[in-house]
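Trainee: Dropping a structure here in structure tokens format, bear with me for questions.
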Ligand SMILES: C[S@@+](CC[C@H](N)C(=O)[O-])C[C@H]1O[C@@H](n2cnc3c(N)ncnc32)[C@H](O)[C@@H]1O
């Protein structure tokens, strides 16, 4: 066996990404108008759309990248989805970390093979998949999610992508501040990624869990969260000066001489902020550059160093669309049903079930 020849048992590894299409696997179809559909291929399945219909059996056994001439006279391009395609099409409970940010988190968070990583919350499991891919089977990712229904959806999504449980993944439900001290030894975690409304609430447990030099990264949606996190992080005196940034990705239209940015782009997703854990007993070096005049109100009082009088860190207060319980129940059902289809390769349930 030569390295990378497809025999690796690594979950989500080459064996699942190569070779002809198989029943039970996901395929992304693109019609001539560029509309995309994701289907799980089954022996008995039938795909129907206004721009092409076919029996799944006609695609099973064909190579990835096939253009299928359908019996209805249309053409459909069939490709195995990339992780970035899957993340944007999978069922969601909570909002997901977009691929452009997941890429930044893996790179700037230095998520390395074999790393011991903690993430919270898990939400729909989008970032989880990038973290698991980066640490590989010899790392360890502890994912903590306070909502059991979200954790359930995330497990369904992650296992569907990797084709089963990932050996490096542990999921626990509960609040990070309660779960973490019992779950990991002090000073043992290499990297910690927080994607939640109030990440500053976990600075103390995070500082205890992180190894000296370990990296803490938070992903927040608003400047008010960014500011509060930065100020409370400084107050701990256990971390280096935080660095914050955002990334923007502008796609391009490429046609003949009409080569220009697309008219639309995703204007805002979130901000990233990182800091490194100092060695125990060390305090941060004195900052020689003073904060700009007026950066901290003289009388911040109860409002805290940022001057922001925000008590209610709810999704609504931060302008996020809340997810209804009904929607979460539906997504959970869909995820379970998809797992059944992937396992059996059949769209229909056997009679009597
Ligand atoms: C935006 S979602 C995370 C999305 C996820 N990173 C993804 O890419 O799919 C935020 C999640 O954090 C969870 N959460 C918020 N505070 C938490 C805490 N203190 N401990 C554990 N989970 C928490 C919420 O229930 C929610 O599912």
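Trainee: Show the residue pairs that are 6+ apart or on different chains and have beta-carbon atoms under 6 Å apart, the first residue being within the range 94-115 and on the phi > 0 side of the Ramachandran plot and modelled with pLDDT of 95 or more, the second being part of a loop (DSSP other than H, G, I, E, B) and loosely packed, with under 15 Cβ neighbours inside 10 Å.
Mentor: If the second residue must be part of a loop (DSSP other than H, G, I, E, B) and loosely packed, with under 15 Cβ neighbours inside 10 Å, the pairs left are 114/138.
Trainee: Moving to a separate point now. Report yes if some residue within the range 72-80 is modelled with pLDDT of 95 or more, away from the ligand (no atom under 12 Å from the Cβ), on the phi < 0 side of the Ramachandran plot and touching a helix residue (DSSP H, G or I) at 6+ places or on another chain (Cβ under 7 Å); otherwise report no.
Mentor: yes
Trainee: With (1) surrounded by fewer than 22 Cβ atoms within 10 Å (Cβ to Cβ); (2) modelled with pLDDT of 95 or more as the list, and residue 162 as the residue in question, which single condition is left unmet?
Mentor: Failing condition for residue 162: (2).
Trainee: Here's a follow-up. In this structure, does residue 64 turn out to be in contact with a strand residue (DSSP E or B) (Cβ under 7 Å, 6 or more places away or on another chain) and away from the ligand (no atom under 13 Å from the Cβ)? So that I can check it myself, show each step before the final result.
Mentor: Values: in contact with a strand residue (DSSP E or B) (Cβ under 7 Å, 6 or more places away or on another chain): yes; away from the ligand (no atom under 13 Å from the Cβ): yes.
Taking the combined requirement at face value, the residue satisfies it.
Trainee: For residues that are closer than 26 Å to residue 314 by Cβ and either outside the structural domain of residue 108 (by TED's automatic domain parsing) or surrounded by 21 or more Cβ atoms within 10 Å (Cβ to Cβ) (or both), tally how many sit in the range 208-225.
Mentor: Looking only at that region, the number is 6.
Trainee: Looking at (1) more than 9 Å from the ligand (Cβ to nearest atom); (2) within 16 Å of the chain's Cα centre (by Cα); (3) more than 19 Å from residue 90 (Cα to Cα), which one does residue 114 not meet, given that it meets all the others?
Mentor: Here residue 114 meets the rest and fails (2).
Listed here are the residues, each with its yes/no results for (1) crowded, with 21+ Cβ neighbours inside 10 Å; (2) under 11 Å from the mean Cα position of the chain (by Cα); (3) in contact (Cβ under 8 Å) with a residue 12 or more places away in the chain; (4) under 18 Å from residue 85 (Cα atoms).
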residue: 121; (1), (2), (3), (4): yes, yes, yes, no
residue: 126; (1), (2), (3), (4): yes, yes, yes, yes
residue: 138; (1), (2), (3), (4): no, no, yes, no
residue: 143; (1), (2), (3), (4): yes, no, yes, no
residue: 146; (1), (2), (3), (4): no, no, yes, no
residue: 149; (1), (2), (3), (4): no, no, yes, no
residue: 158; (1), (2), (3), (4): yes, yes, yes, yes
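Trainee: For the range 32-51, check the following and say yes or no: at least one residue is more than 26 Å from the chain's Cα centre (by Cα), over 23 Å from residue 88 (Cα atoms) and surrounded by 14 or more Cβ atoms within 10 Å (Cβ to Cβ).
Mentor: yes
Trainee: In addition: Do we find a residue being within 14 Å of the ligand (Cβ to nearest atom), over 23 Å from residue 320 (Cα atoms) and touching a helix residue (DSSP H, G or I) at 6+ places or on another chain (Cβ under 9 Å) anywhere in the range 145-153? Step through it out loud before you land on a result.
Mentor: The initial filter retains those residues of the range 145-153 that are within 14 Å of the ligand (Cβ to nearest atom), namely 145-153.
Imposing the further condition that a residue be over 23 Å from residue 320 (Cα atoms) reduces the set to none.
No; the residues of the range 145-153 include none that is within 14 Å of the ligand (Cβ to nearest atom), over 23 Å from residue 320 (Cα atoms) and touching a helix residue (DSSP H, G or I) at 6+ places or on another chain (Cβ under 9 Å).
Trainee: With respect to the numbered conditions (1) touching a helix residue (DSSP H, G or I) at 6+ places or on another chain (Cβ under 8 Å); (2) under 23 Å from residue 247 (Cα atoms); (3) within 16 Å of the ligand (Cβ to nearest atom), which one is the sole condition not fulfilled by residue 93?
Mentor: Just one mismatch for residue 93, condition (2).
The values are calculated or read from the model by the stated rules, or taken from the named source; none is laboratory data. Keep in mind that what you see is a predicted model, and the values were worked out from it rather than measured. Note that we place each Cβ from the backbone using ideal geometry, even for glycine, and neighbour counts take in every protein chain shown.
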